[in-house]
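Below: one structure, written as structure tokens.
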Amino acid sequence: MTETRRLTVENLTMELDGNTIIEDVSISADRGELVSLLGMSGSGKTTLFNCISGIYDPTKGKVFLDGRDITGTTGNMSYMLQKDMLLPHKKIIDNVALPLIIRGEKKEAARKKAGAHFSRFGLEGTEEYYPAQLSGGMRQRAALLRTYMFSDKVALLDEPFSALDTITRRSIQSWYLDIMKDINLTTLFITHDINEAILLSDRIYVMTGKPGRIAGEVPVALPRDERDNFDMREEFLDYKRRLMDLMSR
Amino acid sequence: MKEELRTGEKRIRGNSGTIYPFISILAILAIWQALTSFGIVPSFMLPSPADTIKAFIGDFDLLMMHLRVTLLETLVGTVTGVCVGYVAACLMDMWDPAYKALYPVIVITQTIPAVAIAPLLVLWFGYNMMPKIILIVLITFFPIVVGVLDGFRSVDKDQINLLKTMGATRWQIFRHVKFQSALPNFFSGLRITVAYAVVGAVLAEWLGGFAGLGVYMTRVKKSFAYDKMFAVIFLISIISLLLILLVNILQKKCMPWERANNKTHNQKVRTE
């Protein structure tokens, strides 16, 4: 099992200041798969992400990337938050190129590499701007591009679109799915929005309780590119009912 | 897409704003001139602005010679103080025991007035430049350490975490986030510092030395040349102002993003 999957989390437990935040969590994701973690706030989703990305060293359990044990080490996968976290003192191009520079590439080469993706991410012409000069949606796209520059294997997205208005959010979601398919990126996605989870995911893990545990797993059978108007259909409501059921248990 | 930057209105407001201090300064000078011209205050006690300017022009070469010495002391002292202060702040930020051990000591040293240690420094190090430079270093050190340290500590934790997930080293986190985040605090510290540094140099020269504006000051005081006294006070003010201006220019050069952020901020305030 471990060998074939891109990302595997095994029996992860994390204690912080004597409190158990998450307990015995096991999840996995394949190449190109979008997996959601659905749960109410306080169920330990963000703590789980911090363990996977290596900011925290978990109390128990292991994290594997392509079968390699990466528990407690950083620099393996990209992480994106609800806040875009663009550095206000760097131009957009330098923000986006930052992961490459951290990895040790020369500034000019990193800028060139990052610049090559600007048009695909709908950011052309913004290279020399500072983040404060862009709109929220554009900043979020710049943050996504930075995430992508960092790792083309796994992206951890922690409620990345929840600060955007509905229309910007819709367009950025479908755009993200396109990009993901293009580059065969694995995405682990935190959300507390059931609709968003069903619309975007291949599989959904429901996380509940204190300490947080995985209450259940729901695969969404319909292929991602056939989901236009999915939320108007009967099946959508079935999924929603099942998820609600799991969450309230 | 690209938000239009509204600059025009700010510029107009800024221009009309700079007129006011000029008016008040001119008014003060006019009252001062009137007080002496009409003999309300005898001119040997309070020289008029015109006398002061005359004295300034008359002694210009001498003043410049002394100024050169004072400026050199200020420059060497400030640069040393800033470097030492910055390194100390970095050390205290990186290593908590250093913070806990040094911070109280640094605060205590600041409660000792410069006027009190200056004569001691002159006694210990003689009439040359050394005591002046040491005094300036002591004055400069504190605002820089406190400012920079506060800057380092106020950095957004999420930004640091983000860089950590990228696998950044401590040096990289400093170079890409902490350094820039601490710049505003650094420059406020530096602004306070440069004005104090000139005054510190003059104070130390006052207590003993061979050249410098403070030495010039004690000489003209002894000969009751009040017009020259005022001329040198005027020169010290101008120099302090110019140094603050220099720091402001340096800040604008070092922080080009500040302007972009401020403009957008103004615009957002306007649309709300």
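The values are calculated or read from the model by the stated rules, or taken from the named source; none is laboratory data. Since this is a predicted model, take the numbers as computed values, not measurements. Positions of Cβ are backbone-derived with ideal geometry, glycine not excepted, and every protein chain shown enters the neighbour counts. Please note that ligands, DNA and RNA were not included when accessible areas were found on the heavy atoms of the full protein model with its side chains. Shrake-Rupley method; radii C 1.70, N 1.55, O 1.52, S 1.80 Å.
Here are B:Pro113, B:Pro104: which of them is over 30 Å from A:Ser78 (Cα atoms), open to solvent by 30 Å² or more (accessible area, probe 1.4 Å) and within 21 Å of the chain's Cα centre (by Cα)? Answer to the check: B:Pro113. Restricted to the range A:129-152, and to residues there that are open to solvent by 30 Å² or more (accessible area, probe 1.4 Å) and facing chain B (nearest Cβ under 10 Å), the residue that is farthest from A:Thr187 (Cα to Cα) is A:Tyr129.
Is it true that A:Tyr205 is of a type outside the set (A, V, I, L, M, F, W, C), in a helix (DSSP H, G or I) and touching a strand residue (DSSP E or B) at 6+ places or on another chain (Cβ under 8 Å)? Answer is no for this residue.
Quick one: is B:Ile19 surrounded by 15 or more Cβ atoms within 10 Å (Cβ to Cβ), assigned to a helix (DSSP H, G or I) and over 20 Å from the mean Cα position of the chain (by Cα)? No, not satisfied. Only a single item in (1) open to solvent by less than 50 Å² (accessible area, probe 1.4 Å); (2) farther than 24 Å from B:Arg68 by Cα is not met by B:Lys157, and it is number (1).
No other residue among A:Gly125, A:Gly137 is small (Gly, Ala, Ser), within 28 Å of A:Ala29 (Cβ to Cβ) and over 13 Å from the mean Cα position of the chain (by Cα) apart from A:Gly137.
Taking each residue of the range A:83-106 that is more than 10 Å from chain B (Cβ to nearest Cβ) and looking for partners that are aromatic (Phe, Trp, Tyr) with beta-carbon atoms closer than 6 Å, six or more apart or interchain, yields A:Ile92/A:Tyr129. Considered as a group, the residues in the range A:109-128 that are within 14 Å of chain B (Cβ to nearest Cβ) and in contact (Cβ under 8 Å) with a residue 40 or more places away in the chain include one that is least open to solvent (accessible area, probe 1.4 Å), and that residue is A:Phe121. For the range A:59-70, check the following and say yes or no: at least one residue is within 13 Å of chain B (Cβ to nearest Cβ) and open to solvent by 20 Å² or more (accessible area, probe 1.4 Å). Taking every residue of the range A:59-70 in turn, none turns out to be within 13 Å of chain B (Cβ to nearest Cβ) and open to solvent by 20 Å² or more (accessible area, probe 1.4 Å). Restricting the range B:206-251 to residues that are within 23 Å of the chain's Cα centre (by Cα) and open to solvent by 80 Å² or more (accessible area, probe 1.4 Å), the residue that is farthest from B:Pro49 (Cα to Cα) is B:Leu250. Just one of the listed residues (A:Met80, A:Met14) is touching a strand residue (DSSP E or B) at 6+ places or on another chain (Cβ under 6 Å), among the hydrophobic types (A, V, I, L, M, F, W, C) and either within 12 Å of chain B (Cβ to nearest Cβ) or surrounded by fewer than 22 Cβ atoms within 10 Å (Cβ to Cβ) (or both), namely A:Met80. Selection of the range A:160-176 for residues being open to solvent by 30 Å² or more (accessible area, probe 1.4 Å) and touching a strand residue (DSSP E or B) at 6+ places or on another chain (Cβ under 8 Å) yields only A:Ser162. For the range A:189-200, does any single residue satisfy the condition of being open to solvent by 20 Å² or more (accessible area, probe 1.4 Å), in contact (Cβ under 8 Å) with a residue 60 or more places away in the chain, more than 28 Å from A:Asp238 (Cα to Cα) and more than 14 Å from chain B (Cβ to nearest Cβ)? No, because not a single residue in the range A:189-200 is open to solvent by 20 Å² or more (accessible area, probe 1.4 Å), in contact (Cβ under 8 Å) with a residue 60 or more places away in the chain, more than 28 Å from A:Asp238 (Cα to Cα) and more than 14 Å from chain B (Cβ to nearest Cβ). When the criteria are applied in full, A:Leu34 meets the requirement of being touching a strand residue (DSSP E or B) at 6+ places or on another chain (Cβ under 7 Å), at pLDDT 90 or above and open to solvent by less than 20 Å² (accessible area, probe 1.4 Å).
Checking the range B:185-204 against the condition returns a match, with at least one residue being open to solvent by 10 Å² or more (accessible area, probe 1.4 Å) and within 14 Å of chain A (Cβ to nearest Cβ).
Take the residues of the range B:161-184 that are β-branched (Val, Ile, Thr) and open to solvent by less than 20 Å² (accessible area, probe 1.4 Å): which is nearest to the other protein chains (Cβ to nearest Cβ)? Top of the filtered list is B:Thr165.
For the range B:34-65, name all the residues that are crowded, with 17+ Cβ neighbours inside 10 Å and of a type outside the set (Gly, Ala, Ser).
B:Thr36, B:Pro47, B:Asp51, B:Thr52, B:Phe56, B:Asp59, B:Leu63
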